[in-house]
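Report on one structure; see the data block that follows.
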Amino acid sequence: MSRNTTPGFRRLPRVADQMTAAHFDLVDQSHAAERAGDAARALHLHASVPVLNKRSRHHVLLTQLASLGDELPGWVGARWMAYQAVRCEDPATESGRMQRLALKYAVETFHADQLADCHANAGDPVKVAAWVASESWLFHQLLLHDLGGLTRFADELVTDRLAEHADLARSWAGAPLGGYQVVASRPGGRLRIHDPGARTSLEVLDLGARTTAGDEGWVLGRLVPSGVDDLLMFDTAPMAVPERVAREVSGASEPWARVTQALDEGRLVERDFMRDDYELTTDVLSIDLLRIGTPPADLERVTAQLRSGRDEIPRAAFRILRRAADGVIQQSEAPHIAAAILQPAARADARRLLVRDGHYDVWARWASLVHEPARGLLLNLARACRAFA
């Protein structure tokens, strides 16, 4: 079901053996373009390397970013830096050295069971490390925040256009790991959450975290400045956990000790922290778009088609947009509309099939309920409807 997200292709002999010196040079150029904030060039260079998977999560993310053009909200830029920091393996940089040290610690501390299984089955521990680097929410959090990896990357490697967002990324330093209850979406693109440690409720930027929060809504996450109306936001989509764990972590002086204790006692399962979806522009994971945008009777069949290699995510996203155009979706689902319009293929289909006379107000209303960059994309649909008339 998952797209390949492995950042450590240099570690994997089967992939590296198919790479020529010219291919490695293209990859290095692609990384430089990313660090400069030029997603279109990075995508072009990445696509020029035959061995790299064109359906990989990295390719998908670059495609999404490139489709948005040059003007990205600051929080998207900061998340893009964070994503690059967890992938940074440059041996000659402090960021690369920090990534490798954090990865070694995360594998040994949080994912030792995976490593033990690998050794027991005569597997390749390099693949375990690559998997953890790619998908472990625990590793990402440890590197980016507790070890200062995001700040280091912003200071050391970010250039040109992306550097415009570096101050916001640096402001995320020191944000504590907390436990929260995600309550409900509110008007104006806000999400109400409860902080049991502080015994307060607050409203944060609503990017769809309720979708990832599980039935009870208890999560682990970090609240950081969004740069939008003085609102905080989750630095990345939070991780659903049992209520007891969220309460223990909330306000704890040593939150990682609480997490480790819950893992040791079996109240948390380390595999549950492996997330094959990595989103930059939304907190709605792409697999949730499939669930939300597929009729229940068809979900098993469509999921099987996704596993077989058919890209069902854009199709599900278009179905969500079609429901929005038809007025059969509730206002509280606005974050899902935002996530759907951010899918380039679904957006193209919507422009072709859902631009209708008299629908300006429909798309303008949805635009008013979400944040950039989704807001501008929905307004483009609204303007197209007016032009259609």
Screening Ala106, Ala154, Ala112 for residues that are open to solvent by less than 20 Å² (accessible area, probe 1.4 Å), touching an Asp or Glu at 6+ places or on another chain (Cβ under 9 Å) and not assigned by the TED database to the domain that holds Ala240 leaves only Ala154
May I ask you to say which residue of Ser2, Ser56, Ser30 is polar (S, T, N, Q) and modelled with pLDDT of 90 or more? Ser30
Anything in segment 65-81 that is open to solvent by 10 Å² or more (accessible area, probe 1.4 Å) and either part of a helix (DSSP H, G or I) or β-branched (Val, Ile, Thr) (or both)? List them, or say none. Ala66, Ser67, Gly74
Residues that are farther than 14 Å from His336 by Cα and within 20 Å of the chain's Cα centre (by Cα), drawn from segment 182-192: Val182
Could you look through segment 201-214, keep only residues that are closer than 19 Å to Val249 by Cβ and more than 15 Å from the chain's Cα centre (by Cα), and pick out the one that is least open to solvent (accessible area, probe 1.4 Å)? Val204
Filtering segment 93-144 down to residues that are closer than 24 Å to Trp172 by Cβ and among the β-branched types (Val, Ile, Thr), which residue is modelled with the lowest pLDDT? Thr109
Does segment 256-268 include one or more residues that are touching an Asp or Glu at 6+ places or on another chain (Cβ under 8 Å), of a type in the set (Lys, Arg) and part of a helix (DSSP H, G or I)? yes
Which of the residues spanning segment 82-128 are in a helix (DSSP H, G or I) and in contact with a Lys or Arg (Cβ under 7 Å, 6 or more places away or on another chain)? Gln84, Glu94, Ser95, Met98, Val126
Check segment 271-287 and report whether any residue there is open to solvent by 10 Å² or more (accessible area, probe 1.4 Å), over 23 Å from Leu62 (Cα atoms) and part of a strand (DSSP E or B). no
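Matching residues to (1) in a helix (DSSP H, G or I); (2) of a type in the set (D, E, K, R); (3) surrounded by 13 or more Cβ atoms within 10 Å (Cβ to Cβ); (4) touching a residue at least 40 places away in the same chain (Cβ under 8 Å):
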{"position": "Ala42", "(1), (2), (3), (4)": "yes, no, yes, no"}
{"position": "Leu45", "(1), (2), (3), (4)": "yes, no, yes, no"}
{"position": "Leu52", "(1), (2), (3), (4)": "no, no, yes, yes"}
{"position": "Arg55", "(1), (2), (3), (4)": "no, yes, no, yes"}
{"position": "Thr63", "(1), (2), (3), (4)": "yes, no, yes, yes"}
Filter segment 219-235 down to the residues that are within 14 Å of Val182 (Cβ to Cβ) and open to solvent by 30 Å² or more (accessible area, probe 1.4 Å) and list them by number. Leu232
Out of the residues in segment 337-350 that are farther than 18 Å from Tyr360 by Cα and not small (Gly, Ala, Ser), state the one that is surrounded by the most Cβ atoms within 10 Å (Cβ to Cβ). Gln343
Could you grab me the full set of residues in segment 175-189 that are modelled with pLDDT under 95 and surrounded by 19 or more Cβ atoms within 10 Å (Cβ to Cβ)? Ser185, Gly189
Check segment 159-174 and report whether any residue there is open to solvent by 20 Å² or more (accessible area, probe 1.4 Å), β-branched (Val, Ile, Thr) and over 30 Å from Gln330 (Cβ atoms). yes
If the requirement is being farther than 20 Å from Thr212 by Cα, hydrophobic (A, V, I, L, M, F, W, C) and open to solvent by less than 50 Å² (accessible area, probe 1.4 Å), which of these qualifies: Ala297, Ala334, Ala364? Ala364
Tell me whether segment 305-321 contains one or more residues that are part of a helix (DSSP H, G or I) and free of Cβ contacts under 8 Å to residues at least 24 places away in the same chain. yes
Can you confirm whether Glu89 is out of contact with any Cys (no Cβ under 9 Å at 6 or more places or on another chain) and more than 26 Å from Val284 (Cβ to Cβ)? yes
If the Cβ limit is 8 Å and pairs must be 6+ apart or interchain, which residue in segment 111-133 that is under 23 Å from Asp277 (Cα atoms) and small (Gly, Ala, Ser) pairs with which residue that is modelled with pLDDT of 85 or more and open to solvent by less than 50 Å² (accessible area, probe 1.4 Å)? Ala129/Leu103; Ala129/Val107; Ala133/Val86; Ala133/Arg87; Ala133/Gln99; Ala133/Leu103; Ala133/Phe139
Of Ala130, Ala198, Ala122, which residue is farther than 17 Å from Leu280 by Cα, open to solvent by 20 Å² or more (accessible area, probe 1.4 Å), in the same structural domain as Asp90 (by the TED database) and of a type outside the set (Phe, Trp, Tyr)? Ala122
Read through the list (1) at pLDDT below 90; (2) over 20 Å from Leu142 (Cα atoms); (3) not aliphatic (A, V, I, L, M), then give the number of the only condition that Ser67 fails. (1)
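The values are calculated or read from the model by the stated rules, or taken from the named source; none is laboratory data. Nothing here was measured: the structure is a model prediction, and the numbers come from that model. Here the Cβ is made from the backbone with ideal geometry for all residues, glycine too, and neighbour counts use every protein chain on show. Heavy atoms of the whole protein, side chains included, go into the accessibility calculation; ligands, DNA and RNA do not. Shrake-Rupley method; radii C 1.70, N 1.55, O 1.52, S 1.80 Å.
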